[in-house]
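A.B. asks: Let me give you the structure first, and then I'll get to my questions.
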Amino acid sequence: MISLADLQQRIEQGAVSPEAAIGQSLDAIRADHKTIGAFVRYDENAGAQTAGSLRGVAVGIKDIIDTADFPTEMGAQIYRGYQPRADAPVVMALRQAGATIIGKTTTTAFAANDPTATLNPHNHAHTPGGSSSGSAAAVAAGMIPLALGTQTGGSVIRPASFCGAAAIKPSYRLLPTVGVKCFSWTLDTVGLFAAGVRDVALGLSAMTNRPELVVPSAVPAPRIGVVTQAFAGAPEPSGAEALQKASRAAERAGASVRELAMPEIVAEAWRIHPVVQDFEAHQSLAWEYRRNYDAMPRLLRSRLDESRDITVADYDAAMDVALRARQALAAVFDEVDVLLTLSAAGAAPRGLSSTGDPRYNRLWTLMGVPCVNVPAHVAEGGLPVGVTVVAPFGADARALAAASFVEDALKT
């Protein structure tokens, strides 16, 4: 993978020019694009900007995010050839920081659960996860140093885990979702993929003009609460091993580590996430579902069929649970600095019939809190498995610093 931190340093030192760095990404894309299928399209003639902290950095944009110079097709037949007039604000933030938007990465249709044909770079017989399939795969394959994805259930953290990349789902609305195809306005969050946690932090800092997000050279040992999410069911052995390895490594490095049980209202929030998500999806996708039913992707159409009877009362009750759970979760952080939990049940499933299960991600998305995937373990078949560091709402700098601490601990 291409480390953003290393690339920035080499550009600053004059060891590589921004133009050459973009050329290297283009060469890597050309070499693996037809095999892995991480991009819907890319700019063969992409060039570098001459200013900005992200000059020379090639960025892939998930194809549900509007771009003025590439079509935005949502992974769906209905939007084939659809060309937005303007960039989404998150794309403009990258451009203003000096980045080169090199192409659009594959997404499951409407960022839901109908899989793409994208392959896992570590083992082509397995899924890269989804819905941000191409963004995770492109970074993991060393094509680009940075990519944008989105998460409504587990669509940033899970593919990052499956592909062995670092990633952040920031606090709700730290990054704007204007110009991003809406699935659920309460849940949709723009996230970033990069080679390592410090790389993710540099990308997010540049996009938001928040220097406090950059991970300091020395990170104090955090107080860590390990959460197994028993309410989500038992993980596979590789998932359990990843969590155990990460917690033990952090403890050896000086962190205070103890297991925590979540309040019952938080477990209840995990159960009602689909109510919020699918009720809002029916409104967000009303035109597609009502006017283009036969052209809707099969799995998403079935999901909307099955959730058609969710009532306003069901939704209001679920939102009340979510509010109370957020308050209860905030109190948990009086005892610890961050939580450490599973990023996925285990390694990437074999085949491309599924992008995996988001059951270990969806609670944190509903809570709106920052989550960072840290690669922690390599399972059979060379498949990565990650862990997730969770911090309180708004404490994205804390989440990134603690995740970097865990990442460094795993390397020693």
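A.B. asks: Pop the C-beta distance of residue 51 and residue 80 into the FRET formula with R0 = 45 Å and round what comes out to the nearest 0.05.
C.D. replies: After rounding, the FRET efficiency stands at 0.80.
A.B. asks: Taking amide hydrogens as modeled 1.01 Å from N in the peptide plane, which residues meet the under 5 Å criterion relative to residue 371, leaving out close sequence neighbours?
C.D. replies: Hits under the 5 Å cutoff: 169.
A.B. asks: Could you give the length gained by full extension between residue 412 and residue 335, i.e. 0.36 nm per residue of separation minus their alpha carbon distance, to one decimal place?
C.D. replies: Once the chain is fully extended between residue 412 and residue 335, it gains 25.0 nm.
A.B. asks: Apply the Karplus parameterisation 6.51 cos²θ - 1.76 cosθ + 1.60, with θ equal to phi minus 60°, to every residue of the stretch 118-131 and state each ³J(HN,Hα) to the nearest whole Hz, in sequence, with x for glycine and proline.
C.D. replies: Taking θ as phi minus 60°, the curve returns 5, 9, 6, x, 7, 7, 5, 7, 10, 6, x, x, x, 7 Hz for the stretch 118-131.
A.B. asks: Which residue, chosen from 59, 196, 176, occupies the Cα position most advanced towards the positive end of the dipole of the stretch 4-211, where the dipole is computed from +1 (Lys, Arg) and -1 (Asp, Glu) charges on Cβ about the Cα centre?
C.D. replies: In the stretch 4-211, that residue is 176.
A.B. asks: Grab the Cα-Cα distance for residue 19 and residue 31, subtract it from 0.36 nm times how many residues apart they are, and report the gain in nm with one decimal.
C.D. replies: 2.5 nm
A.B. asks: Sort 326, 291 so that the residue with the fewest other Cβ atoms within 10 Å of its own Cβ comes first and the one with the most comes last. Don't skip to the end; give the middle numbers.
C.D. replies: Details: 326 18, 291 9.
Starting with the residue having the fewest Cβ neighbours, the order is 291, 326.
A.B. asks: What ranking do 277-288, 167-178 get when scored by the average of other Cβ atoms within 10 Å per residue, highest first?
C.D. replies: 167-178, 277-288
A.B. asks: Given R₀ = 41 Å, FRET efficiency for residue 124-residue 313 by Cβ-Cβ distance, to 0.05?
C.D. replies: Taking R0 as 41 Å, the efficiency between residue 124 and residue 313 is 0.30.
A.B. asks: Follow-up question, since we're still on this one. Sequence neighbours fewer than 8 away in the same chain don't count; with that in mind, list the lysines whose C-alpha is under 22 Å from residue 181.
C.D. replies: 62, 104, 169
A.B. asks: Right, next: Work out the P(r) tail for the stretch 195-257: percent of alpha carbon pairs separated by more than 18 Å, whole number.
C.D. replies: That fraction is 56 percent.
A.B. asks: Using r as the Cβ-Cβ distance of residue 221 and residue 271, and R0 as 35 Å, what FRET efficiency do you calculate, to the nearest 0.05?
C.D. replies: Step by step, r from the Cβ atoms, then E = 0.55.
A.B. asks: Shifting gears a bit: Taking the C-alpha atoms of the stretch 321-391, how large are the radius of gyration and the largest Cα-Cα span, Dmax, in Å?
C.D. replies: Considering the stretch 321-391 through its Cα atoms, Rg and Dmax are 14.3, 43 Å.
A.B. asks: Which value results when the Cα radius of gyration for the stretch 218-285 is divided by 2.2 N^0.38 Å?
C.D. replies: Here the answer is 1.51, to two decimals.
A.B. asks: Taking a quarter of the surface of the Cα convex hull of the stretch 256-412, what do you get in nm²?
C.D. replies: Details: hull surface 46.0 nm².
Average of the hull's projected areas for the stretch 256-412 equals 11.5 nm².
A.B. asks: What does the helix-only formula give at 222 nm for the chain: each DSSP H stretch with n ≥ 4 adding -39500 (n - 2.57), the total divided by the residues, and the result rounded to the nearest 500 deg cm²/dmol?
C.D. replies: -12000 deg cm²/dmol
A.B. asks: Sticking with this structure for a sec: Calculate one ³J(HN,Hα) per residue across the stretch 380-390 by plugging θ = phi - 60° into the Karplus curve 6.51 cos²θ - 1.76 cosθ + 1.60, and present them in order as whole Hz with x for glycine and proline.
C.D. replies: 4, x, x, 8, x, 9, x, 10, 10, 9, 10
A.B. asks: Given the stretch 1-145, what whole percent of its Cα pairs are spread farther than 25 Å?
C.D. replies: For the stretch 1-145, the fraction of Cα-Cα distances above 25 Å is 25 percent.
Rule-based calculations on the coordinates, nothing more; no lab input. Being a predicted model, the structure only gives us computed values, none of them experimental. Methodologically, a virtual Cβ is constructed for each residue, glycine included, from the backbone with ideal geometry; neighbour enumeration extends over all protein chains shown.
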